[in-house]
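This report concerns only the one structure given below.
The values are calculated or read from the model by the stated rules, or taken from the named source; none is laboratory data. Quick caveat, the model's predicted, so the values are computed rather than measured. Here Cβ is always computed from backbone atoms with ideal geometry, including for glycine, and neighbour counts include all displayed protein chains. Note: accessible area is taken over every heavy atom of the protein model, side chains too, but ligands, DNA and RNA are not part of it. Shrake-Rupley method; radii C 1.70, N 1.55, O 1.52, S 1.80 Å.
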Amino acid sequence: MAGGARLLHRGSQGYNARPFFEMPMKQRVENLLRQAIKAMVDSGELTALPDTPIQVDRTRDSRHGDFSSNYALTVAANIGSRPRDLAQSIATRVPSSPMLDRVEVAGPGFINFFLARNSYQALIPEIISAGARYGSGDAGQGVSVLLEFVSANPTGPLHIGHGRGAAYGAALARLLAAAGFQVTREYYVNDRGRQMDILTVSIWLRYLELCGQEFTFPEQAYRGDYVRPIAEKLHADSGREFEISAAGLFDGFPRQVGPDAQLDWLIARSRSSLGGDRFERVWKAGLDDILGDIRDDLREFGVEFDNWYSEKGLIASGRVDDCIRKLKESGHLYEKDGALWLQSSRFGDEKDRVVVRENGQTTYFAPDIAYHLDKFDRGFQRAINIWGADHHGYIPRMKAALEALGRDPEALTVLLVQFATLYRGRQKVQMSTRSGEFVTLRELREEVGNDAARFFYVTRKSEQHLDFDLELAKSRSNENPVYYIQYAHARICSVFAQLRERGLDYDPDGAMQNTHRLEEPREQALLATLSRYPEVILAAALAYEPHQIGFYLREVANDFHVYYNAHQILVEDGALRNARLGLIVCVRQVLQNGLGILGVTAPVEM
RNA sequence: GCGCCCGUAGCUCAACUGGAUAGAGUAUCGGGCUUCGAACCCGAGGGUUGCAGGUUCGAGUCCUGCCGGGCGCGCCA
């Protein structure tokens, strides 16, 4: 799949007729190399051509040219010739091209390509005409992907761990879309089950307190402050409709058993004394409030979903029962100790798993299987899940379930996000949802701002542990690299403001006709960096690594700042001025496109 | 005990997925505004990539074994 990038050329700005880049520079170099190798095979100098892929890389060191290939190194051993000799033979057969200055052999046998001075001139019209689409490609070939992320239980506000998954997922969605995949973003709502029952009871108990009832609030219930406003609203809206004597409610409370059993007792007791209907209404009040809060929070954070998928709805649709029936029919479900087990160990899991409990209730696993089956039944070709790293042990059984259902487990990719450890200076902040001691995503956003938070999250590899120092993020927010990139963007906008103040204007045609005037080394370096953007998008997308974009954008900003400090853009010479303005328009475009993928704003001024 | 993830400059992180002399930010020290925004630029110091082997032309990256950290190993979700 790598190397299959092809830029979209659907620009309808009137530049279509002009031949810009038929393909990215990297591919053009690759093709020249391929021709040289083919020439050697045709002349019999290279016998059986091993099926080694022809790989061309950007060099790290400019002394090694602009592009480099290790082809001779990888092939020489197989055909029994010396790498340097082979490299030399290939190098001399590289067809001459106006884009190439020279080809050299260096080191153990690298073939290094040096580009001609003005080989990047065509890039400027290319970027200007592609605009927001510059960097996008069709490598994904429209393959439909269901990207599921966040999916936090609606039992409390999102905390900073969820924030990381949200930022990562949102960026990945845009990245995959830019690479040509058709992406749907989905949030799976666990709106039923024990955790929701505990929340319901917690809200109701707070409500009873408001009614004046006296009792000890259970240790294991949700004690976070966010529960109280929900109870207050319920109290304000419904008065004493849900009131029941606390003394009666807690009558017979089992003090001798463990906290979990106590909670189960309390849930059952609440349900029976309140009645199914009223219990449901409290549940609904809690769900609506918290899920609404989560939606708002994510929207404010710039994280949007195409679909919110209800677990309760899934069960009501009968799909879970259907799914269990299918598993039974396929013979991968068996009964033991009164429960129904999936033979997941036959498909790579370390043991079999219970799907239906002894008491007849399904485990959490059953709806999850049905949900994942439904992803593919809805026609998605690929499913990508972003899970917290604590769920890694869950991956084999999910894949096993898909395989048992006759689906391709490879169509499911699970990406793990490590937890963020929060610090206040040196002090580690302990977090627990039930105790209510945690820093919410909303608090984080208010303290450090959306842009800094998004960038901070998404410039680390997702599987890397993340130390998030609040004090640092707060007090030194100016030192966050995101401002460095945004500053470059604002500076460019400022140049155009300055241009207008001086009564001058920018002529795009003039810019494109004078690209040959961009002869400064720093201008060439900037163009070379801009030309890499489509390659970065593709590589980052295929590796599911949005952080590559962040590091790349820093390079773009750095090249620009260096250029800006060294050269005047608004010069007297109108042709040169337009050429330089065209160049920084392109820089601005790449910054906008890249920041857009990361979900960070590109401010006109700061 | 078994399994997964991680270990890179004082700190926070990169390293084009096996390439050439391991790079940025921050912190420390020194320099640069009469010029389009100094939230910027230039320079200096800072490393046995946790340790020990192995694979090959070449290893931070792959394989093995230790050391250290995180997370899993329910008829909880």
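Quick look at the numbers
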quantity: Counted charge near A:ILE37, where neighbours are those whose Cβ lies closer than 11 Å (Asp, Glu -1; Lys, Arg +1); calculated: 0
quantity: Projected label distance in nm at A:LYS233 and A:MET606, using a 7 Å step from Cα toward the beta-carbon; calculated: 3.7
quantity: Computed P(r) (all Cα pairs; the range A:233-309; 5 Å bins; percent); calculated: 3, 12, 16, 17, 15, 13, 11, 9, 4, 1
quantity: The range A:337-356 and the range A:469-542: distance between their alpha carbon centers, rounded to Å; calculated: 55
quantity: Estimated FRET transfer efficiency (A:ASP377, A:GLN141; beta-carbon r; R0 22 Å; 0.05); calculated: 0.50
quantity: Selection from A:ILE79, A:GLN568, A:LEU123 lying farthest towards where the dipole of chain A points positive, charges on Cβ; calculated: A:ILE79
quantity: Cubic angstrom per residue, convex hull over Cα atoms of the range A:317-412; calculated: 104
quantity: Chain A, dipole about Cα centre (Lys/Arg Cβ +1, Asp/Glu Cβ -1), debye to the nearest 20; calculated: 900
quantity: 0 to 90° range, to nearest 10: angle between helix A:319-329 axis and chain A longest Cα axis; calculated: 80
quantity: A:HIS332 accessible area, assembled protein chains, probe 1.4 Å, Å²; calculated: 30
quantity: Förster radius 35 Å - calculated FRET efficiency between A:ASP467 and A:ALA497 (Cβ-Cβ, nearest 0.05); calculated: 0.35
quantity: Cα convex hull of the range A:481-598 - mean projected area over all directions, nm²; calculated: 7.1
quantity: Gain in span if fully extended, A:ASP277 to A:GLU45, counting 0.36 nm per residue against the direct Cα distance; calculated: 75.1 nm
quantity: Helix-only CD estimate at 222 nm, as mean residue ellipticity for chain A, using -39500 (n - 2.57) per DSSP H run (n ≥ 4); calculated: -15500 deg cm²/dmol
quantity: Rounded accessible area per residue of the range A:138-242, 1.4 Å, Å²; calculated: 33
quantity: Cβ-Cβ FRET estimate between A:ARG117 and A:ASP505, R0 fixed at 30 Å, reported to 0.05; calculated: 0.55
quantity: Chain A - percent of accessible surface contributed by carbon and sulfur, probe 1.4 Å; calculated: 46
quantity: Label-point gap, in nm, between A:ASN78 and A:THR184 - each point 7 angstrom along Cα→Cβ; calculated: 4.1
quantity: Rg(Cα)/(2.2 N^0.38 Å) for chain A, N = residue count; calculated: 1.20
quantity: Heavy-atom accessible area ranking, 1.4 Å probe, most first, across A:LYS375, A:LYS233; calculated: A:LYS233, A:LYS375
quantity: Between 0 and 90°, nearest 10: helix A:547-566 axis offset from chain A longest Cα axis; calculated: 50
quantity: Acute angle (nearest 10 degrees) that the helix A:25-42 long axis makes with the longest principal axis of chain A, alpha-carbon atoms; calculated: 60
quantity: Relative contact order (%) - the range A:66-138, alpha-carbon pairs under 8 angstrom, separation at least six; calculated: 30
quantity: P(r) tail fraction, the range A:274-373 - alpha-carbon pairs more than 23 Å apart, %; calculated: 46
quantity: Kirkwood hydrodynamic radius of the range A:167-271, Cα pairs, Å; calculated: 16.4
quantity: Within straight-line cross-link reach of A:LYS326, lysines at Cα separation under 24 Å, skipping those fewer than 8 residues along the same chain; calculated: A:LYS312, A:LYS336, A:LYS351, A:LYS375, A:LYS399
quantity: Charge tally in the Cβ shell below 10 Å around A:ASP368, where Lys, Arg are +1 and Asp, Glu are -1, A:ASP368 excluded; calculated: 0
quantity: Accessible area of the range A:25-115 divided out per residue, in Å², using a probe of 1.4 angstrom; calculated: 53
quantity: For the range A:481-598, accessible area per residue (1.4 Å probe, heavy atoms of protein chains only), Å²; calculated: 37
quantity: Inter-label distance for A:ALA575 and A:GLU241, nm, one decimal - labels placed 7 Å from Cα along Cα-to-Cβ; calculated: 8.0
quantity: Percent of Cα-Cα distances greater than 18 Å, calculated over the range A:25-115; calculated: 36
quantity: Positive dipole terminus of chain A, leading residue within A:LEU249, A:ALA179, A:HIS235 (C-beta point charges); calculated: A:ALA179
quantity: Beta bridges by DSSP in chain A, antiparallel share as percent, to the nearest 5; calculated: 50
quantity: Under Karplus coefficients 6.51, -1.76 and 1.60, residue-wise ³J(HN,Hα) of the range A:345-357 in Hz, glycine/proline x; calculated: 5, 6, 10, x, 7, 6, 7, 6, 10, 6, 10, 10, 6
